[in-house]
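K.L.:
I'd like to ask you about the structure that follows.
The values are calculated or read from the model by the stated rules, or taken from the named source; none is laboratory data. Keep in mind it's a predicted model, so treat the numbers as computed, not measured. Note: ideal-geometry Cβ built from the backbone for every residue, glycine included; neighbour counts use all protein chains shown. Quick note on the areas: whole protein, heavy atoms, side chains included, nothing else; ligands and nucleic acids left out. Shrake-Rupley method; radii C 1.70, N 1.55, O 1.52, S 1.80 Å.
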Protein chains: 2
Amino acid sequence: MDKEFFLDRPTITAYKHNFRTLLAVDSIIFGFDNEELKLLIIKRDYEPELGSWSLMGGFMLEEETLEEAANRVLYNLTGLHDVYMEQIQVFSKPDRDPVERTVSVPFYSLINIEEHDKELLKHHSASWFPLKKVPKLIFDHNDIVNAAIKQLRYKTSIQPIGFELLPEKFTMRQLQKLYEAILDIELDKRNFSKKIRQLDILVKLDEKDMSSSKKGSFLYMFDKRKYKEKVADGFIFKL
Amino acid sequence: MDKEFFLDRPTITAYKHNFRTLLAVDSIIFGFDNEELKLLIIKRDYEPELGSWSLMGGFMLEEETLEEAANRVLYNLTGLHDVYMEQIQVFSKPDRDPVERTVSVPFYSLINIEEHDKELLKHHSASWFPLKKVPKLIFDHNDIVNAAIKQLRYKTSIQPIGFELLPEKFTMRQLQKLYEAILDIELDKRNFSKKIRQLDILVKLDEKDMSSSKKGSFLYMFDKRKYKEKVADGFIFKL
DNA sequence: ACAAAAGTGTTCAGGTTACACCCATGA
DNA sequence: TCATGGGTGTAACCTGAACACTTTTGT
């Protein structure tokens, strides 16, 4: 029994003798260019690993939550607020950051690839990479990206997210391409549009987008109110 | 532009000036007694909140990962190793712990309610509570428990977990009751056993359990190899 | 012989999949 | 007039849901 009692000590020790760690948020930012999914990463202009590709990240401040920190980091890079964001598994190997132990809480976000501040991106030497061409990133950032992709696919296959990656008005075909890009599969256009229309979260507009074909294709908007109702009802959608 | 550059500072500052936080793991331990789902909590024997009900927890040590810390905490309370464990959302409100800022990474585990070290439980003044009768816990621990229940239900509804909560040999009826307890719904025994048998992850034994009826009911075991294969294939199961 | 739980099969409805042709238009 | 992408319906199949009776055996 003594063994357990010994191991137990740290959990009942007064707070002050315990280890305190740096806590970072890392931002996995996905965008869509109507063809494929892309990831936004930066070229570090500070040590360690100056000049290497990296996720955008930042340390959690004393007075903010992790969610606030993640929003701050995303805002710093893109100028965007109120973006879809989801936390994934924490990365906590003691030696993952060579400078000092840093635990990373990653958040992935979905943004419209057209709607961000390009000056800020330039300032951070940030670039978009197709998912299949993401270079070697610092530390364990490639693992983090892979975990985020996995989580995004999983979520997308059971809940209608992904609208955040499109412009406000979009065609059925764009939406289908988005799902195909996220899930990395091909879908039948008849079945896809039937399914999506059944969800009753889109509004069909009278306008057409004439850029993709001679005939033009109808534009849709996404009915935020209905969408939120459904998600709140714990609604599950299977593609 | 200056605003962004100012906000940006913390993310590019050298490590040393940044805030370091206490990082805790909290353990949400679920057990099943053949009737209902229960939660294991402890009566704190240290300040703050001495005497209050609380999740078992502990601070992450300098040389361990969060997963190791979670295993250590669980081991300290139950004497168990190699238990199913899953991380849920991090809780990081700056004032959630009144003594000092502590970020909590909660892990829930599923254990067989018969197979743990009862001496250790007594030592920690720990008790099992039915989910619907969990008392007020310290800090935001009730929120953490609710998040864990939600996650457990979600997981259970799409993947065959939950076997961890049963003894090695169990009856179809016990398994059904477990699912009913986790999902808080009633299931049809014909459809349930058909579905489970289709999954092809159980082995039917020749033995019967005679304790529950005159006729006796067949015992099953869970085929770990097949189960692991299925889960690795990203297999989704909908009850 | 009866009470108590175990065990099993069929039918029906709804959803998912596979599949092919016509439409509108600009060039 | 033709080439390009847009738009739609139907039949076969599969899965999930609802539902009731027989079996075993201890008392």
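K.L.:
Go through (1) at pLDDT 95 or above; (2) surrounded by 15 or more Cβ atoms within 10 Å (Cβ to Cβ) one by one and return the number of the condition B:Glu63 breaks.
P.N.:
(2)
K.L.:
Answer yes or no: is there a residue in segment A:215-222 that is under 30 Å from A:Val103 (Cβ atoms) and within 21 Å of the chain's Cα centre (by Cα).
P.N.:
So the first thing to find is which residues in segment A:215-222 are under 30 Å from A:Val103 (Cβ atoms), and the list is none.
For segment A:215-222, residues under 30 Å from A:Val103 (Cβ atoms) and within 21 Å of the chain's Cα centre (by Cα): absent.
K.L.:
Spot the failing condition for B:Arg197; the list is (1) modelled with pLDDT of 95 or more; (2) within 16 Å of DNA strand D (Cβ to nearest atom), and only one is missed.
P.N.:
With (1) modelled with pLDDT of 95 or more; (2) within 16 Å of DNA strand D (Cβ to nearest atom) applied to B:Arg197, the lone miss is (1).
K.L.:
Now, a different point. Please go through segment A:25-56 and pick out each residue that is facing chain B (nearest Cβ under 9 Å) and open to solvent by less than 10 Å² (accessible area, probe 1.4 Å).
P.N.:
Across segment A:25-56, the qualifying residue is only A:Met56.
K.L.:
Under 9 Å by Cβ, and 6 or more places apart or on different chains, what pairs join a residue from segment B:177-195 that is within 14 Å of chain A (Cβ to nearest Cβ) with one that is in a helix (DSSP H, G or I) and away from DNA strand D (no atom under 14 Å from the Cβ)?
P.N.:
B:Leu183/B:Arg153; B:Leu183/B:Thr156; B:Asp184/B:Leu131; B:Asp184/B:Arg153
K.L.:
If you don't mind, another one. How many of the residues making up segment A:208-228 are more than 10 Å from DNA strand D (Cβ to nearest atom) and surrounded by 13 or more Cβ atoms within 10 Å (Cβ to Cβ)?
P.N.:
Looking only at that region, the number is 5.
K.L.:
Considering (1) at pLDDT 95 or above; (2) part of a loop (DSSP other than H, G, I, E, B); (3) of a type outside the set (Phe, Trp, Tyr), say which one A:Asp143 fails and leave the rest.
P.N.:
(2)
K.L.:
Out of B:Ser109, B:Ser157, B:Ser127, report the one residue that is crowded, with 20+ Cβ neighbours inside 10 Å and either within 14 Å of another protein chain (Cβ to nearest Cβ) or touching a residue at least 60 places away in the same chain (Cβ under 8 Å) (or both). Quick ask: steps written out before the conclusion?
P.N.:
Values: B:Ser157 fails: crowded, with 20+ Cβ neighbours inside 10 Å; B:Ser127 fails: crowded, with 20+ Cβ neighbours inside 10 Å.
Just one listed residue meets the conditions, B:Ser109.
K.L.:
Going residue by residue through segment A:223-235, is there one that turns out to be more than 11 Å from DNA strand C (Cβ to nearest atom), aromatic (Phe, Trp, Tyr) and farther than 23 Å from A:Tyr154 by Cβ?
P.N.:
Checked against the condition, which is being more than 11 Å from DNA strand C (Cβ to nearest atom), aromatic (Phe, Trp, Tyr) and farther than 23 Å from A:Tyr154 by Cβ, segment A:223-235 yields no hits at all.
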